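Structure first, then comments.
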Amino acid sequence: MRYAIYFTPDQDDPLARIAASWLGRDPFNGEVPRPPSVTKLSSPEIAYHTASARRYGFHATLKAPFMLADGKTESELDEALASFSAAAEPVSLTGLAPARLDGFLALVPAGPLPDLDQLAAEIVRVFEPYRAPLSEADIKRRNPDALSPDQFRNLCQWGYPYVFDSFRFHMTLTGRVSDHDLPRVRAAIDQVFAPALANPISLDGLALFVEPEPGAPFVVKSWYRLGRRLERKTA
């Protein structure tokens, strides 16, 4: 079993509902929503382009998937996330919009967000004691030859290459999209997500995601609103 700390909006947030419809799965309850009706792609085409992202659910990675360290329990991790969330403050995600990253499409902020980078770095450090070290096989699966020296050090020390200076907030919407398909897929995303992205969006909650067994879809174990008014949702 693996765990991850992700940002995902509250289940009832318009962005979360639209993303669940687009990806074809709600990670809070495992339900398969009706696909978007306003789009330039057919439902089978959307399912094809979102297949790899669907398993993880709509999210932004803050502490990448990990197995629990020896002596740590799920309840201890969950309680630690609850305490951390209660003491943290929301971060405005200014100008969140679709962009292409390494061949896939994701929602990214319009510009640098130092408060977001600081929060992400703090999460990596605070929850490191709960992470079991990667095996050699785990490291090889990350294709270390393709990483920069800093990213490889991050992988070995923190279990994920893209932390600290290498961190880039993104919420994945597709797998890799070919240049040929890109215009239509991008147009569909613009249509589907425009209503939600027209409103202010903030990182206002943290979720504990769980992968029950290797290759299984990630599901939300619990969700905590940031700030002193503690709110917990469980799947």
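The values are calculated or read from the model by the stated rules, or taken from the named source; none is laboratory data. Given the structure is predicted, the values throughout are model-derived calculations rather than measurements. Neighbour counts are summed over all protein chains in view; Cβ atoms, including those assigned to glycine, are modelled from backbone coordinates with ideal geometry.
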Legend entry - Count - residues of segment 1-40 that are over 19 Å from PRO98 (Cα atoms), among the acidic types (Asp, Glu) and surrounded by fewer than 21 Cβ atoms within 10 Å (Cβ to Cβ): 3
Inset, instruction - State yes or no: is LYS40 part of a loop (DSSP other than H, G, I, E, B) and at pLDDT 95 or above? - result: no
Inset, instruction - Return yes when ALA188 is assigned to a helix (DSSP H, G or I) and under 22 Å from ALA99 (Cβ atoms) and no when it is not. - result: yes
Inset, instruction - Return only the number of the condition from (1) free of Cβ contacts under 8 Å to residues at least 12 places away in the same chain; (2) in contact with a Pro (Cβ under 8 Å, 6 or more places away or on another chain); (3) over 30 Å from ASP78 (Cα atoms) that LEU147 does not satisfy. - result: (1)
Inset, instruction - Select from segment 93-112 the residues that are closer than 18 Å to ILE46 by Cβ and touching a Ser or Thr at 6+ places or on another chain (Cβ under 7 Å) and write down the one among them that is surrounded by the most Cβ atoms within 10 Å (Cβ to Cβ). - result: LEU105
Legend entry - Count - residues of segment 142-175 that are of a type in the set (Lys, Arg) and under 18 Å from THR61 (Cα atoms): 2
Legend entry - Complete set of residues in segment 15-36 that are more than 15 Å from VAL219 (Cα to Cα), part of a loop (DSSP other than H, G, I, E, B) and in contact (Cβ under 8 Å) with a residue 40 or more places away in the chain: PRO36
Inset, instruction - For segment 110-124, enumerate the residues that are hydrophobic (A, V, I, L, M, F, W, C) and outside any helix (DSSP H, G or I). - result: ALA110, LEU113
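So that you can scan it fast, the table gives a plain yes or no per residue for (1) in contact with an Asp or Glu (Cβ under 7 Å, 6 or more places away or on another chain); (2) of a type in the set (A, V, I, L, M, F, W, C); (3) at pLDDT below 95; (4) closer than 13 Å to PHE167 by Cβ:
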| residue | (1), (2), (3), (4) |
| --- | --- |
| ALA97 | no, yes, no, no |
| ASP102 | no, no, yes, no |
| PHE127 | no, yes, no, no |
| LEU134 | no, yes, yes, no |
| LYS140 | no, no, yes, no |
| PRO144 | no, no, yes, no |
